[in-house]
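**Q** Input: one structure, supplied below.
None of the figures in this text is laboratory data; all of them are computed from the coordinates on show. A quick note: this is a predicted structure, and the numbers were derived from the prediction, not measured. Cβ placement follows ideal geometry from the backbone for every residue including glycine, while neighbour counts extend to all protein chains displayed.
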Amino acid sequence: MLTKRIDGIVFELKEDFVFDFLSDYGQVFAVFDKQDSGYIGFGVQNGSEKFFLKVAGASTINSNINVDAAIQRLKSTVSIYEDLRHPNLIEIIEHKEIKEGYLTVFEWFEGECMGKQYGAFDKFIALPLIVKLKIYNDILLFHLHTNQRGYIAIDFYDGCIMHNFASKRTMICDIEFYSKKPVINTLGRMWGSSRYMSPEEFQLGAEIDERSNVFLMGATAFQLFGGGNDRSFEKWRAGEKLYYTALKAVNSERSERYQTVDEYFEAWNDARS
């Protein structure tokens, strides 16, 4: 284990790595070195501008893939962020080769992440219903856009949801596994949090399609408004009509769900009104 310090910020790696390029973007004020993705992230400030830098190539302490795989994966994400540009998606600014690695540069978003590993999950759940409905609507709008661009959302979960509690603005991040249609399950158990995953994401050879994303959106509703994996009405906090709309979306039988994300979006809005 190796401890490094840049601009007073301390973090750990398995092996040393040269981060001289960081100074080109400003002063480091935050580091994210505990992810299992094989990346390390930095918050960097240059005057009034802030950026989020995602780096592959360094040997991070919790990585579940090797360095070369992390580099290739990060490179592959660039086209996804460019194809899916949206007001609710964190903006990619730059990407380039660095010595023994790869760098992507994003706008910095002043917000907190809903992911349970970041400690703000309960704060999200405690928000007033009207605020959570707005967060959920922003998530739906982005995934309508995703579908229209010909992509299937893979590995979306609460760790991809960021929210500014003051401005009430919501952003999506970490969409690296989103894939162009058609998508076939070649893994058996696909990437993602089981709290959000459809049954077909555990079935080798199954097609992962728009109905899988309907399930994903329904599961997301139960995380925000209900009891998570406990999908009983007793745990639900958003009214009966919305409950049965979300419940249909997470039906284990694909044929019994809404058949498109657009159909689900329309049904949700009808129930909400």
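**Q** Suppose every K and R has +1 on its Cβ and every D and E has -1 on its Cβ; what is the size of the dipole of the stretch 177-264 about the Cα centre, in Debye to the nearest 20?
**A** Here the stretch 177-264 has a charge dipole of around 220 debye.
**Q** Please report, in debye to the nearest 20, how large the charge dipole of the stretch 112-272 is about its Cα centre when each Lys and Arg carries +1 at its beta carbon and each Asp and Glu carries -1 there.
**A** Using only the charged Cβ atoms, the result is roughly 380 debye.
**Q** Between the stretch 63-77 and the stretch 198-235, what is the C-alpha centre distance in whole Å?
**A** Going from one Cα centre to the other spans 28 Å.
**Q** Could you order the peptides 170-183, 151-164 from most to least packed, using the average number of other C-beta atoms within 10 Å per residue?
**A** 151-164, 170-183
**Q** With each run of n ≥ 4 DSSP H residues scored as -39500 (n - 2.57), what mean residue ellipticity at 222 nm is computed for the chain after dividing by its residue count and rounding to the nearest 500 deg cm²/dmol?
**A** -9500 deg cm²/dmol
**Q** Assuming a ≥ b ≥ c are the square roots of the Cα gyration tensor eigenvalues, decide whether the stretch 2-107 counts as rounded (a/c under 1.5), prolate (otherwise, with a/b larger than b/c) or oblate.
**A** oblate
**Q** What does the charge dipole of the chain about its Cα centre add up to, to the nearest 20 debye, if the Cβ of each Lys and Arg holds +1 and the Cβ of each Asp and Glu holds -1?
**A** 600
**Q** What ranking, highest mean first, results for peptides 227-233, 188-194 when packing means the other Cβ atoms within 10 Å averaged over each residue?
**A** 188-194, 227-233
**Q** At a Cα cut-off below 22 Å, give the lysines reachable from LYS181, other chains included and same-chain residues fewer than 8 away excluded.
**A** Straight-distance partners of LYS181: LYS75.
**Q** Ok, one more. Express the relative contact order of the chain as a whole percentage, based on alpha carbon pairs under 8 Å and six or more residues apart in sequence.
**A** That works out to 12 percent.
**Q** For each of VAL28, VAL44, count neighbouring Cβ atoms within 10 Å of the residue's Cβ, then give the residues from fewest to most.
**A** Ordered by Cβ neighbours within 10 Å, fewest first: VAL28, VAL44.
**Q** For the chain, rounded, prolate or oblate, judged on the Cα gyration tensor with a ≥ b ≥ c (square roots of eigenvalues), a/c < 1.5 rounded, else prolate if a/b > b/c?
**A** It is prolate, given that a/c is not under 1.5 and a/b is the larger ratio.
**Q** Within the chain, which complete DSSP H helices have Cα atoms spanning at least 27 Å along the helix axis and a mean Kyte-Doolittle hydropathy of 1.6 or higher?
**A** None pass (Cα extent of 27 Å or more, hydropathy at least 1.6).
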